[in-house]
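Trainee: First the structure, then my questions, so here it is.
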Amino acid sequence: MSTGNRRGAKIVIKQELGRSGLMVAPLAFGGNVFGWTAEKAVDRARDQVGALIGASGKEIVWTSGATEAINLVAACWGRAFLKPGDEVVVSHMEHHSNIVPWQMACDAAGPTLPVIPISDAVSFG
Ligand SMILES: Cc1ncc(COP(=O)(O)O)c(C=O)c1O
């Protein structure tokens, strides 16, 4: 496929996506209606999620999933506020994604990371 054909194919795909109602555009790209519409939709979703949890839409941060979200909190909040003498308590039941970021934050900021054991009956204690 030549460069010209590829460019033509991309134009057709964009036109078809537009007709299908799907929005494919970078956010904050006001240069076209898709970018503007996508940005508005994301802002609206931020406000709706914020309302659910008693926060402002401006406080909502989208992440790719739980791992990225926990890494973000541990790296930003954790390193800003954790200090020696604090404890970050996790359990043996935590998913890997909820242990490693806290280990790193504790290593950086000085708290200890006690782990709550889980019994064979899968209860805490
Ligand atoms: C309990 C639990 N926490 C965190 C994760 C990681 O989530 P994500 O893939 O959204 O980063 C998973 C993934 O299966 C999970 O089961």
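Trainee: Just checking, which of Val49, Val90 is closer than 30 Å to Thr112 by Cα, modelled with pLDDT of 90 or more and not aromatic (Phe, Trp, Tyr)? Lay out the reasoning, then the answer.
Mentor: Numbers: Val49 fails: closer than 30 Å to Thr112 by Cα.
When all the criteria are applied, what remains is Val90.
Trainee: Report, by residue number, each residue of the range 52-104 that is over 18 Å from the mean Cα position of the chain (by Cα), away from the ligand (no atom under 11 Å from the Cβ) and among the hydrophobic types (A, V, I, L, M, F, W, C).
Mentor: Ala80, Phe81, Leu82, Val88, Val89, Val90, Met104
The values are calculated or read from the model by the stated rules, or taken from the named source; none is laboratory data. Predicted model only: the values in this text are computed from it and were never measured. Glycine gets a Cβ as well: all are built from the backbone with ideal geometry, and neighbour counts include every protein chain shown.
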